[in-house]
Amino acid sequence: MYSEQVAEDIKKILDEFGFEFKFDEEDSSFFVDLRLDKFRLNGLFYIKLSEQLVNVFMKTDLSANESNKLRVAEYLHWVNYYNERGNFEFDFDEGVIYYKCTLMMPDIHPTIEMLQETILMAYAGYTENIVGLKKVMAGTISPKEAVGLTEHVEEEQQQDGASVTTFVFADGSEMDAYFFENGRFGGLSRRRTGDEDEGKEYEEDDSDDDEEEELSWQLNLMGEWMQGRECKEFTGGSFAFLRYNPYSESLFESLAEEDSVVKLLQTMGMESRGHGNQNPKSWGGYRGLPTFIKEGLDNKIIGFLLYLQSHFDFYTEEDDYEEDCYLGDLEEFMPEARFIAGWSALPPYQDEAYAIVAL
């Protein structure tokens, strides 16, 4: 038996996006038709509910035939191998291709944000691979070489390093969804109808800023750097930004090295391109930042740090990071590294963690 409250929350999400959908109570399933104009494809969301799971399937009318089934199967294998969340499923007999994203909820009631992101991640997982899929079907490139091709994102759609996917609804309204290069959802712009937003910047919010909140460790450090008071223990050495990689023998790999923690965060902020949505006022936690950080730091860096805050448990060397399911392996696999700070994925994310260490 599915949760009626979860079903109601999904209905709210689909209504908010303007989707037309059907809900089959006996099958505990939603059916949502999509129009993917820029791919010239029709699509479908199939959302299946059970007592402890929400499974979201994304498919289009793009299917394999007898001449390319083996190539498609190999391509989907490689995509699934590198995926951090969600996976392709392939009906080899019929040639039908699905992307599935699952939200597990054994002991929790998922928030609307968790449900929304699961739905959008299924969309992102499928659409981000359409270019590679088409090339493999045509035989113009090997399956392994096709992994990661995203040329379908047009130049004018690039905004701060995030690809922009536009949902177009039957009434002419639109919703832009932003996705980072690793596929993670970066935010939504407000719905637009007709030409009301043409030539117009994002809508300003004239309401008073919230009171300044207590800053996180990383933003506190950046604030000290901005005022020329960076802590001495975070400078004058060799510092690395590590990523947990379950497929690596060492479990951790270095993404960047600098001679101070601030430079390290700055490097990662610039490389990640920060937050997908171009309107900083829409970012959770942005309003509470002091003015000298808002005016003194590039938004890409602020967006990167706020992203880390929003989806991860945060640890410093004073916390019990050794008990974390990911960061707890750091000491065993990199005993020479002194832990400074780390981020470990919160549900519904998994197999993702980062750490700053002194080498």
From the options Asp15, Asp33, residue that is farther than 30 Å from Leu346 by Cα and not basic (Lys, Arg): Asp33
Considering only region 93-126, how many residues are touching a Phe, Trp or Tyr at 6+ places or on another chain (Cβ under 7 Å) and not hydrophobic (A, V, I, L, M, F, W, C)? 6
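Here is a yes/no grid of residues against (1) on the phi > 0 side of the Ramachandran plot; (2) within 19 Å of the chain's Cα centre (by Cα); (3) not aromatic (Phe, Trp, Tyr):
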| position | (1), (2), (3) |
| --- | --- |
| Gly303 | no, yes, yes |
| Phe312 | no, yes, no |
| Asp324 | no, no, yes |
| Asp329 | no, no, yes |
| Pro335 | no, no, yes |
| Trp343 | no, yes, no |
Using the structure shown, decide if Phe292 is open to solvent by 30 Å² or more (accessible area, probe 1.4 Å), of a type in the set (A, V, I, L, M, F, W, C) and at pLDDT below 75. yes
Among strands (runs of 3 or more DSSP E) completely within region 13-111, the ones holding 2 or more residues that are over 21 Å from the mean Cα position of the chain (by Cα) and of a type in the set (Phe, Trp, Tyr) are 21-24, 29-36
When region 112-141 is checked residue by residue, the ones that are without any contact (Cβ under 8 Å) to a residue 24 or more places away in the chain, touching a helix residue (DSSP H, G or I) at 6+ places or on another chain (Cβ under 8 Å) and in a loop (DSSP other than H, G, I, E, B) are Ile141
When Ile356 is evaluated against the numbered criteria (1) in contact (Cβ under 8 Å) with a residue 40 or more places away in the chain; (2) surrounded by fewer than 16 Cβ atoms within 10 Å (Cβ to Cβ); (3) not hydroxyl-bearing (Ser, Thr, Tyr), which criterion, by number, is the only one it fails? (2)
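The values are calculated or read from the model by the stated rules, or taken from the named source; none is laboratory data. Keep in mind the model is a prediction, meaning the values are calculated, not measured. Quick reminder, even Gly has a Cβ in these numbers, built from the backbone with ideal geometry, and neighbours come from all protein chains shown. Note: accessible area is taken over every heavy atom of the protein model, side chains too, but ligands, DNA and RNA are not part of it. Shrake-Rupley method; radii C 1.70, N 1.55, O 1.52, S 1.80 Å.
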